[in-house]
Structures are given as C-alpha cells and as structure tokens.
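The values are calculated or read from the model by the stated rules, or taken from the named source; none is laboratory data. As the structure is a computational prediction, the values presented were derived from the model and not from experiment. Quick reminder, even Gly has a Cβ in these numbers, built from the backbone with ideal geometry, and neighbours come from all protein chains shown. All accessible areas refer to the heavy atoms of the entire protein, side chains included, with ligands and DNA or RNA removed. Shrake-Rupley method; radii C 1.70, N 1.55, O 1.52, S 1.80 Å.
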Amino acid sequence: MKKIIVTGALGQIGSELVEKLRNTYGVDNILATDIRKIESDQGPFEVLDVTDGKRMHEMAHDFGADTMIHMAALLSATAEKNPVFAWNLNMGGLMNALEVARELNLQFFTPSSIGAFGPSTPKDNTPQDTLQRPTTMYGVNKVAGELLCDYYYTRFGLDTRGVRFPGLISYATPPGGGTTDYAVDIYYKAIEEGRYTSYIAEGTYMDMMYMPDALQAIVDLMEADSSKLIHRNAFNISAMSFEPSQIAAEIKKHMPTFDMSYEVDPVRQAIADSWPNAIDSTAAVNEWGFKAQYNLEKMTIDMLEKLQLRLEKKIII
Ligand code: SER
C-alpha cells in the first residue's frame with residue numbers, strides 16, 4: 001500500500017483509520033473522502049458520494065491511487081429504518097468501488113461484519129465457512145458484498161481482501177446506528193451520568209473488538225503475503241465476546257457506584273439475537289497472523305481513561 005483512497009473517511013472506522021494510515025504511509029499518500037465536508041488541514045480530503053462512480057474513478061485516478069479502502073456504508077439499525085436506501089448505498093457504493101478498483105487495478109479492502117450471519121448460523125465458535133442466511137438488510141448487503149469481492153478476485157484477478165468485523169469500540173468517534181453501539185454508549189454514560197440503560201437484554205452475547213486492534217487488522221491483512229491467503233475476503237475476527245452485565249461489571253470495578261438497568265429495544269434486540277454469540281477467528285490467525293491486544297479488562301481501563309480526558313477537555317473548552 002502506497003497511495004490509498006479511503007471512502008467513508010469520517011465514519012466510525014474511517015476517521016481513525018485515516019489517521020493510522022497517514023502515520024504509517026505518510027500524510028500525502030492518503031486521500032480521505034466522505035459525503036460530508038470537513039474543514040481540515042490534516043491531509044488530502046475530497047467530498048465524494050460513493051453512488052457517483054464516475055467521480056470516484058476521477059478521484060482515484062488523479063490521486064494516483066494503488067489501493068482503495070471502501071468504508072462508506074450504513075450500519076445495521078439505520079439500514080432497517082430505510083432498507084431501500086441501505087441497499088442503494090451499500091451495494092451501489094460497493095459496486096462502484098469494485099469497478100474503479102478493477103479499472104485502475106487497485107488493491108481493495110472492504111469490511112464485512114458479524115451481521116453477515118443469521119439465526120440458522122451456528123451461534124458458538126461460529127466457523128469461517130458456514131451457513132449465512134441473515135435476516136437484516138445490512139446482513140443481506142454484507143453477504144452479497146462478500147460474494148462480490150470473491151467474484152472480482154476469481155473473475156478479474158482483483159486483489160480483494162476483507163474481514164468480518166465484530167462490534168467496534170472506540171473513544172474517538174461514536175458509531176452511528178449500529179446494534180453493538182451499546183458497548184460504546186455505556187462508557188460515555190458511565191462517565192457523564194454514572195448510570196446506563198441498556199437497549200440490549202442481559203444475556204445477549206456478541207463479539208466485540210477495541211478499535212486499535214481493528215485498525216491493525218486492516219493494515220496486517222493488506223500487507224499479508226497473497227500466496228498465504230486461502231480465504232481472501234470476509235475473515236472472521238473477534239477479540240472478545242460479552243453480554244451487557246459483563247461489561248457493566250467491568251466498569252463497576254473502576255466506578256463502584258455505576259448502575260445499569262434495561263429497557264430493551266425490540267428492533268435492535270432482534271438483530272442481536274440473529275447474530276452469533278462468538279465467532280471463530282482461526283482462519284485469520286493461521287493465514288495472516290491476526291492477533292488482538294485488548295480483552296474486555298484492558299479495553300475498559302483504556303476506554304475509561306481516554307474518554308475521561310476527552311470529556312473533561314470538552315467541558316473546559
Ligand atoms: N457494529 C455493526 C452494527 O452493529 C456490526 O457490524 O451494525
């Protein structure tokens with residue numbers, strides 16, 4: 001990876017990924033794009049609507065990109081609110097991105113998700129290759145996306161790569177409209193209000209990962225020796241699996257008065273119930289050395305510390 005165009009660069013993953021890529025490959029080698037505009041002097045930035053394939057091609061071409069990291073997409077809960085829009089954005093954007101990558105011969109990354117699994121998927125130690133019959137629009141998009149990336153590899157020889165991300169937790173950019181967002185919100189509310197009302201029911205296990213591990217996984221997979229990749233797209237990766245009362249108990253260790261109650265949101269609960277409890281990351285470990293540094297305990301210490309600093313700073317400003 002030398003010259004990388006990133007779509008969805010202001011999103012939950014994109015905003016931190018761009019910073020990491022700029023630190024790794026040099027500021028001028030990363031073109032950040034998003035449908036929203038920001039005033040930034042941090043590095044090259046362009047406004048891009050990913051449903052505009054022609055503009056995407058021009059931008060990647062003019063920048064001299066050799067790699068595309070396509071992050072622009074709607075998350076699960078938002079996609080359920082507007083399924084047609086989600087299809088058009090998630091699939092239209094991905095098709096455009098793959099076509100631009102094919103035309104310009106770019107190495108290509110796009111994320112899939114635990115959302116690519118459904119109620120008939122084995123819930124525990126979910127295998128890399130297994131039943132995928134998701135019941136959400138987001139999941140339908142993700143499975144179709146995985147297949148499209150495989151197709152572009154086998155049909156055109158495009159160097160496509162991808163992972164199935166679990167819920168991602170970060171103190172920097174809040175997620176927007178996902179089902180796993182509770183595991184981020186809980187830290188904010190713990191610091192701001194000392195209590196949290198969970199929209200996910202007690203006992204609902206989902207896979208999660210701290211953002212630094214997710215960013216490192218993208219870089220490691222993109223740098224991996226192609227000949228070692230048996231799977232190319234949609235590697236299962238997870239760092240931890242927990243349910244709401246376990247993350248609450250972990251926070252309580254540092255904030256003994258922290259209190260959690262439940263007010264379950266049926267839409268997001270149904271989505272969570274259709275996803276695995278814990279996926280098996282063995283293929284990623286064996287084929288490109290995936291390794292997560294953070295478990296629930298270590299992540300909680302870091303989240304509370306960093307978020308505390310950030311929120312205090314916000315108040316002072
Ligand atoms: N974090 C995502 C969501 O909840 C899952 O990929 O939608």
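Taking Cα atoms, how many degrees apart are the long axis of helix 211-223 and the longest axis of the chain, rounded to 10 and kept between 0 and 90?
Result, in degrees: 20.
Around residue 48, with a cut-off of 9 angstrom between Cβ atoms, what is the net charge of the other residues, counting Lys and Arg +1 and Asp and Glu -1?
Values: positive: 55; negative: 34, 46, 49, 52.
Result for the local shell: -3.
Which whole-angstrom value gives the distance between the alpha carbon centres of the range 247-312 and the range 95-138?
22 Å
With a 10 Å cut-off between alpha carbons and a GNM built on the chain, which of 38, 30, 114 moves the most?
Of 38, 30, 114, the most mobile in the Gaussian network model is 38.
If you take the Cα Rg of the chain and divide it by 2.2 N^0.38 Å, with N the number of residues, what do you get?
Numbers: Rg = 19.0 Å, N = 317, 2.2 N^0.38 = 19.6 Å.
In units of the 2.2 N^0.38 Å rule of thumb, it is 0.97.
Using a Gaussian network model on the chain with a 10 Å cutoff between Cα atoms, which of 24, 160, 179 fluctuates the most?
Of the options given, 24 has the highest mean-square fluctuation.
Dipole magnitude of the range 95-234 about its Cα centre, charges +1 at Lys/Arg Cβ and -1 at Asp/Glu Cβ only, in debye to the nearest 20? Display every interim value, and only then the final one.
Numbers: 11 positive and 17 negative charges, 69 e Å.
Dipole magnitude for the range 95-234 comes out near 340 debye.
Anyone know which of 59, 68, 211 comes out most mobile in the 10 Å Cα GNM of the chain?
With Cα springs under 10 Å in the chain, the top fluctuation among 59, 68, 211 is at 59.
So if I place +1 on the C-beta of Lys and Arg and -1 on the C-beta of Asp and Glu, and nothing else carries charge, what would the dipole magnitude of the chain be about its Cα centre? I want it in debye, nearest 20. Each step should come with its number before you reach the end.
Numbers: 29 positive and 42 negative charges, 29 e Å.
In debye, rounded to 20, the chain gives about 140.
Restricting to the chain, compute how many DSSP beta bridges are antiparallel as a %, nearest 5.
Numbers: 3 of 31 bridges.
Approximately 10 percent, going by the DSSP bridge assignments.
Give me the percent of accessible area attributable to carbon and sulfur for the range 182-317, probe 1.4 angstrom. Mind dumping the intermediate values first?
Values: 3240 of 6200 Å².
Result for the range 182-317: 52 percent of the exposed heavy-atom area is carbon or sulfur.
Would you mind computing the Rg to Rh ratio of the range 192-296 from its alpha-carbon coordinates, Kirkwood style for Rh? Can you show the working numbers first?
Details: Rg = 16.8 Å, Rh = 15.7 Å.
Here the Rg-to-Rh quotient is 1.07.
Where does helix 83-104 land angle-wise versus the long Cα axis of the chain, in degrees 0 to 90, nearest 10?
With rounding to tens, the tilt is 40 degrees.
Rolling a 1.4 angstrom probe over the protein heavy atoms, how many square angstrom per residue are accessible across the chain?
Details: 13840 Å² over 317 residues.
Counting only protein heavy atoms, the per-residue value for the chain is 44 Å².
Can you give the angle from 0 to 90° between the axis of helix 14-25 and the longest principal axis of the chain, with both taken from C-alpha atoms, to the nearest 10?
60 degrees
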